Structure formats: structure tokens, C-alpha cells
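To start, the structure itself, in C-alpha cells.
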Amino acid sequence: SEAVSKLPFNISAYGSEQLAQGNITSIVGLTQQVPNFTIQNGGARSQASAIPIIRGINASQQQSLSAHYFQSPVGFYLDNAPITGAFPLFDVQRIEVLRGPQGTLYGAGALSGAVRVVPTKPKFDGVSGMVTASASGLAHSSNTNYDVGGTINIPLSDTFAIRASARQGYEAGFIDQKDIFVRQNGDYRYGAPVLANPADVAGSKGILFNKNDVNDTRVNSFRAEALWKPTDATEVSLSYNYAQVKGSGGPVDNPSFNGGAFPIDPRIAIGDLKEYERSLPMLEPFNRRNDLAALDVSHDLGFATLSTTVALGQTKGFSLSDQTVALIGVPYGAYYTGVPANPRTVVPVAQSDRERSVTEEIRLVSKDEGPITYIAGVFMQQMRKNIDINIYAPGAGAQSAAANGGSTLPMALGGTYVLTNADGQSYEQHTTQQFKDYSAYGELSWKVTDRLKLTGGARFFHQTFRQAFTSDSTFFFFSLNEQQKSDVSSQIFKASASYQLADNLQAYGTWSQGFRRGGANSFPLSGPVLEPMELLLYKPDKTDNFELGVKGTLNGVFISADVFYVDWKDPQIDLLTPFNLTNAVVNAKGATSKGFEVEARGPIGDSGLSFNLGFAYAKARLSENFSLPAGSGAGTVVPNAILGSKGDRLPGAPDWSGSFTLNYKTNLGANGQLLISGGVDYRGSTLNALETPDGSAIPREAPASTTLRGNVSYTYQDWTIELFGTNLTDERSVISYARRTASAVAKLGTWSDSSLVSRPREVGLRVTRAF
């Protein structure tokens, strides 16, 4: 434990009270108040696909629903264990955010920074706990949010205690979905659309219906930890964490569609769409479960503390998404619709992923005494990841056969027969990744004088990556079974210096490096949906961070300010290729991010007022031109189909971001306390993707947004009642626009448009009882 103001590097800490005041229950919510830290909020279904961005270090397309094939650029930890998956923020002591590469201590997952969630630890001083419940109304929704939870701490002896917490929540939906096909048996994966005229298989219309508030989510989480201190020098902790989310759809609307002919069946006229409305032919259920078990053992050797962490983590999820818009718009769209086109075309894509990770770390940390201090450790991680994608065209086989006089030949009577398996499946692919990392690291600090401190660090690592890929298609008459591998041994370094300007004020300078593993893609190298060999492998990427800062406490106010420059070599880009929409990771040549960050917090005199301020700028741009070929969707290669130019803005993160909170606290009577808090959060505009030169997908800019929040709480003895509100002005902020291919726009018009939008105004009441 150490005050942030005394640490000679860039770190921000957010305590439980600050989280409660902002009604923050997830890392995504936290990013609204942390400058230069962004995760686009695509709802709970995007847990596996959302890309965390610190200081603008991201070149990948936004709004993907598939689990990523590359490694996250930000390392996430729950206490001392790397997180596989995501867990709600409940019964949390604090959250630490480290901006800038942290590769020497945190390894391959910290290309641009690291985030550590520190849960509340078991205590030996008596039984304690709390129960809490809240209910809130959500604008543009007819349902009510609710959240209930509780924590209990039980000491079983002077040296052994357990702590457990559980939470259940419901997030109401606010998107009204129009023009949904009624499906056989209500099955949105396998069920064919129900015919309005069962006697006309070839030409019958489908039956459509609407459903309001489709994007709701249920969240359940549980955490238990046992802490044992057999001696004053030894501590053993065993914990288990569980979280599950279930829901449907996401916060996506399409108010740009002005009504007219239904693009799937022009004989049907559909209405125009308003804000928080979307036309889509199917519902999109999803679920995800996260588990993490960790064992921590530490022993005080006198001169240093020796500790080890062993963690077992798993995340697995399933989602069903509608890709009718995307696949009708590709050059080979006729394979899904047939010729003549199926008036009941619907293309469900089932995506499932599972990631399992075993990590072990041993650390030796010296006492903070004397002129020389050090950290030394070894780290091992074994990870296995499976990503499966299955595409369906339910009902297309029967319809296309009927439309072509009953013929099931691939081409019949000038039309196209849509060949699928019996369950409607038309394409499947299965990817298995195996990743191993063996590292040794250390940092050494020297107090040259009472004011000057120098630190150097290094990490040496060996990594192996293996990928197996199989795919099969009824459309394109090919099967694939490919394997790729890569082995890397390398090292990265860190150097910093800090100088004590005054008792409570220091200046520091840091050079730090971060890295991320490379890997391989898998796709056909021949046939109608080939991709070129140049895209088969992607290289590791690396960041060099140069930073100058000052931090400390002046008149009781904490202040931290820094300027930084990040040089990013071989940036990895996770994308869909322009014409075939193939998942691939590619490398650009270089990018940079430069900017500054300012944070301040503390009391305003003796008035009972206090404030929190964060303000940041990050100009993240490509620093070199690059170009890569891609498949055309017709069996040929388009040169320069994926490219970027020097100076192009990197997608996903704003240049400017900021947050300000004003708090007022006062005592009411002998046992009462009133707290009033209000805040404003600002995020600048963002792009959804890098440019492509051929017009296959034009990048789009989401505008800047400003949201207001507030919290009023009254505590009397052990009871607290809170009135809270978020997005108080009910601003509809566009977080990101969907990728629109030129062919989709030509075929479908603005019906193919969609926007990822922020959650509307929420106002609610929370009651908490501590004991």
C-alpha cells in the first residue's frame, strides 16, 4: 500500500466511494471517468470483442461481435491474477489504472497499459457485511432496472477469515426492433421463416412482427475468498470468482432509414425508423460465463517478501447475430439469397468461443529500505482458445429449389440453388489457438540521493503460438485444414528517474516498452473466396513510451500531470477483409501517439466541497504509409485493398477526453451524513475504422458527446439511501457507426446503416444496510 502521489510513474487509483458516486459497476463504465482510457460500450454481448484503448493505441475496426483472434493491448488483473473474461465491480476496494506500456512487469498483455481491480480482502476483526438493492427507470424503456447484492465477512479465528459477495442485476432494454421474421419453433438459429402462404414455397412472403426493448441483460456474479495468516510473516489466500451474463441484442439503432420497400422482399412496405429503433429480420440472443480461481501465498523473509500466484481462468460465450445485411452486400451474396432472390432471406451467424488460461508467477520484492530496492520474478502462462463460427441460411434450400422448378442442381433454369446442410448450415469454421509464455523479469531502483531515484527494468521471454484451422462450405465446395505456428524469444526494457522537488512534490521521466505476441490467420489461398498469402502471418507489435511528469500534493490537493510520446512499431489490426469479410489480423508499419494527461482531486477549503478532475489529449496517427492486398470475392486478388496513409487518424479513441466531479459532504445530526455529487464526462469524436482506398468501406466519424451524472446519498448509522442518475440530459450519443460496404449500400440503401448508441437517462434509488 502506497499513496499514489509518492509513486514515480503514471498510475491512477479509484476507490469504492468514487465508484459508488459515479454508479460505476463495470470497467466499461469506469472508462467514462478515466481520461485517455476507452472501451466502446457495445453492451454485455461485446465482452469478448470490445477493444480496450489507452492513449489511442488501437488500429482495429470497431463494432465487431466475434471474439478477437489477437491479444488484448491492455493487461487486466483481478488482484494479482490475470483476468480471463470480465467481472462486475462489486465489493471492490480500489481500481488501479496504469497508462503507458507496462511490459516489463505485466508482460505481453500490457502493450499500452494495465488495469488492476483490487477486491476487498477478508478481515479478522469481527463479522461484518452489507446488503444493497436498487431500482431505476430507464428512458425509452417500459421495463425497470434492478440490482440486489450482499457481502458477508466471517472470521473463524484470529488467523482465518472468509469473505463472500453475490450480486444479481437486470438491465432493461431500450431498443425497439422492427420487421422480425416469425421463425419455425421460435428458433432463430435453425428455424426457417414461416410462410404467409404455405402453398407458395417459392414466392410466399414471410410473417413479420415487432418487439420492444429487445436489448436487455441479466447479470449474476459471485466471489468468495478465504484468508489464512498462520504466522505474522505468512499469508495464504484462496479465491473463486464467477460471473454470467445473458441477454439479447445490443444498443444499436438506425434512425436514418426513412421507410419504404423492405429490402429483403420489396413487395412489403415497412415504416420509417426513429431513434432507438432498428429494422432487423431476427433476434440475437447471447450468453457468457467467466470463472477465475486464484491461490496467493506470500512470506516475509525479513529483507524481502517472497510470493506466488497460481490462477486458473476461463471465459466461454455464445452469440447469435444477424448477418443478413453484411452477407447480402458481399460479391458472393447470391449464394445466400439464390437467383431469383429468396423473399425470406435471413442469415444467422452462431459464434462461440472458449478461452482457458493457467498462469503462475513467483515474485521477490525487497523492503523499501536502504538505497537499493528490487523486484524479481518469473512468469508462466499457458492459454488455449477456441473460436467457432457457423453460418446458416435456413429455408433457403427449399425456397430456391421451388423457385427453380424443383431442381437442386447448383445452377438451374438460369437461377441459383442454395445448397445447405439439413439444418440450414452453409459454412463452418473452427479455430484453436495455443499460446505459451515463459518470462523472467526484474526492476532495480537506486536512491542516489534523498531526492534522486533511478530505476531500470527488463523482461526476457520465450513465446510459442500454434493455430489450427478447419472450415467447410456447402457453397464453395472446399474444405480447409491448416496449421500455423510461430516462436519468439526476445526482451524489452524500462528506465526511469524521479526527483523530489519538495516534500510532497516530485518530477519523473520514464522510458518503457510494451509488446504483444504475433500469430497467424487462416483462410483459403485459392477458390472464389481466396485471400492472398501476404495476409497469412502477422508479426508481434511493440511500443516505446517516453514520458515526463510531475505529481504530488499541494495544500491537500493531489495533482498529477504528464506529457508522453508513444512510438508503435508494426501495429496489429484486427479486421474483416474488404470484400470476403474474412477475419484477419494484419500489420501496419508504424504509428505514434502523443499528448498529455492532467489529474487533480482534493478539498476546496473547509467548505465540505471536494472535486475530481481529469483531462487528457492523445493524438494517435499512422506514422508510415502501408498497403496490403485482399481477395476480391470473385477468386482474384485486389492490390492495395487494405491501406493507410501517414497522418491517418487511428480508430476507436477520441483525441480529447475529460471528466469533472464536484462533491459536497456535511454532517446532519450526530449520526447522519449527507453527500451530494455531480459530474460531467466528455469524449471527443472517434472514427470506426482506418480508411480503405477502393471505397469498399468508408470510415465514419462519431461526434463528440457530453453526459451529466449525479448522486445524492444520506447515511444514518448503518443505513444509506441514495438517489442516482446517469446521462441526466438523456443525450443519444453515437459511440460508433457500423461498417458499411459500398456494395451493401448500393443494394440495401440506408437500411444497412446502424449506430452503436449510449445508454439513455437512468434515474434510480439504492438502499444499503451495513452491519
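The values are calculated or read from the model by the stated rules, or taken from the named source; none is laboratory data. All values derive from a computational prediction rather than experimental measurement. Note that each Cβ is placed from the backbone with ideal geometry, even for glycine, and that neighbours are counted across all protein chains shown. Calculation scope for accessible area: heavy atoms of the full protein, side chains included, ligands and nucleic acids excluded. Shrake-Rupley method; radii C 1.70, N 1.55, O 1.52, S 1.80 Å.
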Segment 83-107 - residue that is in a strand (DSSP E or B) and farther than 25 Å from Ala495 by Cβ and, of those, nearest to the chain's Cα centre (by Cα): Ile95
Any hit, segment 456-468, residues being of a type outside the set (Phe, Trp, Tyr), in contact with an Asp or Glu (Cβ under 6 Å, 6 or more places away or on another chain) and surrounded by fewer than 20 Cβ atoms within 10 Å (Cβ to Cβ): yes
When residues of segment 144-160 are limited to those that are under 21 Å from Ser221 (Cβ atoms) and over 25 Å from the mean Cα position of the chain (by Cα), the one surrounded by the most Cβ atoms within 10 Å (Cβ to Cβ): Asn153
Yes/no for Ala114 being in contact (Cβ under 8 Å) with a residue 40 or more places away in the chain and open to solvent by 10 Å² or more (accessible area, probe 1.4 Å): no
Given (1) at pLDDT 90 or above; (2) of a type outside the set (Gly, Ala, Ser); (3) in a strand (DSSP E or B); (4) open to solvent by less than 30 Å² (accessible area, probe 1.4 Å), number of the condition Leu575 does not satisfy: (1)
Any chance Val550 is at pLDDT 95 or above and of a type in the set (Val, Ile, Thr): yes
Residue check, Phe209 in contact with a Gly (Cβ under 8 Å, 6 or more places away or on another chain), farther than 30 Å from Asp79 by Cα and either at pLDDT 95 or above or among the polar types (S, T, N, Q) (or both): no
Phe222 vs. criteria more than 22 Å from Leu756 (Cβ to Cβ), in contact (Cβ under 8 Å) with a residue 40 or more places away in the chain, of a type in the set (Phe, Trp, Tyr) and open to solvent by 30 Å² or more (accessible area, probe 1.4 Å): yes
Which numbered condition Gly590 misses (of (1) within 30 Å of Ala13 (Cα to Cα); (2) touching a Phe, Trp or Tyr at 6+ places or on another chain (Cβ under 8 Å); (3) open to solvent by less than 50 Å² (accessible area, probe 1.4 Å)): (1)
Conditions (1) at pLDDT below 90; (2) open to solvent by less than 40 Å² (accessible area, probe 1.4 Å); (3) assigned to a loop (DSSP other than H, G, I, E, B); (4) within 30 Å of Val378 (Cβ to Cβ): number failed by Ile57: (1)
Residues of segment 167-206 satisfying the condition of being open to solvent by less than 40 Å² (accessible area, probe 1.4 Å), closer than 21 Å to Gly424 by Cα and among the basic types (Lys, Arg): Arg183
Within segment 469-503, tally of residues that are buried (at least 16 other Cβ atoms within 10 Å of the Cβ), of a type outside the set (A, V, I, L, M), touching a residue at least 60 places away in the same chain (Cβ under 8 Å) and under 30 Å from Leu454 (Cα atoms): 3
Exclusive hit being β-branched (Val, Ile, Thr) and open to solvent by less than 50 Å² (accessible area, probe 1.4 Å), set Thr726, Thr750: Thr726
Failed condition for Ala458, given (1) under 30 Å from Asn612 (Cα atoms); (2) at pLDDT 95 or above; (3) of a type in the set (A, V, I, L, M, F, W, C): (1)
